[in-house]
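The block underneath contains the structure these notes are about, expressed in structure tokens.
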Amino acid sequence: MRRQRGERGSAVVDFVLVSTILVPLFLGILQVGLFLYVRNTVTAAASEGAHYAAVLNRAPADGAARTRELVSGVVTDGLIDSVSAEETDIDGQPGVEVSVHAHMPPLGLWGPGISFTVEGHAVKETGE
């Protein structure tokens, strides 16, 4: 009887001690997953924009517009800093490069962010 009184409330203390470790760990894993999702989505959009601009009779600006369109449907516009496209040389062939500069806040979708840049490349079609 005496031992039961001494352990009263110990479950609450155990819960608090375990929660101080598990909650930040869980939130950190969620944040890494969110960052990877955003980065992969933006990378796929940049690649698709480069392929779109590489089609015959299209300009690099068309690829940048297509990339903005794809990103705006999935990722918050506030995360994307800039989208640019330019003609480039890919292993001796004319090509298109689309670059997306973005940032990812460390606390979900709020706060100052970690900047990153992704690029998409495609060889330009020629009329030959």
Exercise for the section: Looking only at the range 12-53, count how many residues are out of contact with any Lys or Arg (no Cβ under 9 Å at 6 or more places or on another chain), closer than 30 Å to residue 90 by Cβ, without any contact (Cβ under 8 Å) to a residue 60 or more places away in the chain and of a type in the set (Ser, Thr, Tyr). Expected result: 2
Handout entry: Condition check for residue 14: in contact with a helix residue (DSSP H, G or I) (Cβ under 9 Å, 6 or more places away or on another chain) and not in a strand (DSSP E or B)
Key = no
Practice task
For the range 49-67, indicate whether the set of residues that are outside any loop (DSSP other than H, G, I, E, B), of a type outside the set (A, V, I, L, M, F, W, C), open to solvent by 80 Å² or more (accessible area, probe 1.4 Å) and more than 30 Å from residue 127 (Cα to Cα) is non-empty.
Solution key: no
Handout entry: Meets criteria (under 21 Å from the mean Cα position of the chain (by Cα), under 30 Å from residue 112 (Cα atoms) and among the aromatic types (Phe, Trp, Tyr)) for residue 37
Key = yes
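Based on this model, can you work out whether residue 39 counts as touching a Phe, Trp or Tyr at 6+ places or on another chain (Cβ under 9 Å), in a loop (DSSP other than H, G, I, E, B) and open to solvent by 60 Å² or more (accessible area, probe 1.4 Å)?
no
Would a scan of the range 12-22 turn up a residue that is of a type in the set (Asp, Glu) and under 21 Å from the mean Cα position of the chain (by Cα)? Step through it out loud before you land on a result.
Taking the range 12-22 first, the residues of a type in the set (Asp, Glu) are 14.
Add one more test, that the residue is under 21 Å from the mean Cα position of the chain (by Cα), and what stays is none.
Within the range 12-22, not a single residue is of a type in the set (Asp, Glu) and under 21 Å from the mean Cα position of the chain (by Cα).
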Handout entry: One residue from 127, 108 being closer than 17 Å to residue 32 by Cβ and at pLDDT below 90
Key = 108
Completion exercise
Within the range 68-94, residues being acidic (Asp, Glu), farther than 13 Å from residue 120 by Cα and touching a helix residue (DSSP H, G or I) at 6+ places or on another chain (Cβ under 7 Å) number 0
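Condition check ((1) under 15 Å from the mean Cα position of the chain (by Cα); (2) under 26 Å from residue 31 (Cβ atoms); (3) among the aliphatic types (A, V, I, L, M)) across all residues:
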| position | (1), (2), (3) |
| --- | --- |
| 43 | yes, yes, no |
| 54 | no, no, yes |
| 65 | no, no, yes |
| 70 | yes, yes, yes |
| 74 | yes, yes, yes |
| 90 | no, no, yes |
| 97 | no, no, no |
| 103 | yes, yes, no |
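Evaluate the range 76-95: report whether one residue or more is of a type in the set (A, V, I, L, M), in contact with a Lys or Arg (Cβ under 6 Å, 6 or more places away or on another chain) and at pLDDT 90 or above. Walk me through it before giving the result.
As a first pass, look at the range 76-95 and keep what is of a type in the set (A, V, I, L, M): 79-80, 83, 85, 90.
Filter once more, keeping what is in contact with a Lys or Arg (Cβ under 6 Å, 6 or more places away or on another chain): 83.
With the extra rule that they be at pLDDT 90 or above, the set shrinks to 83.
For the range 76-95, residues of a type in the set (A, V, I, L, M), in contact with a Lys or Arg (Cβ under 6 Å, 6 or more places away or on another chain) and at pLDDT 90 or above: present.
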Problem - Members of the range 73-116 found to be open to solvent by 60 Å² or more (accessible area, probe 1.4 Å) and part of a helix (DSSP H, G or I), listed by number - result: 77
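The values are calculated or read from the model by the stated rules, or taken from the named source; none is laboratory data. As the structure is a computational prediction, the values presented were derived from the model and not from experiment. Using ideal geometry, Cβ is built from the backbone for each residue, glycine included, and neighbour counts are taken over all protein chains shown. All accessible areas refer to the heavy atoms of the entire protein, side chains included, with ligands and DNA or RNA removed. Shrake-Rupley method; radii C 1.70, N 1.55, O 1.52, S 1.80 Å.
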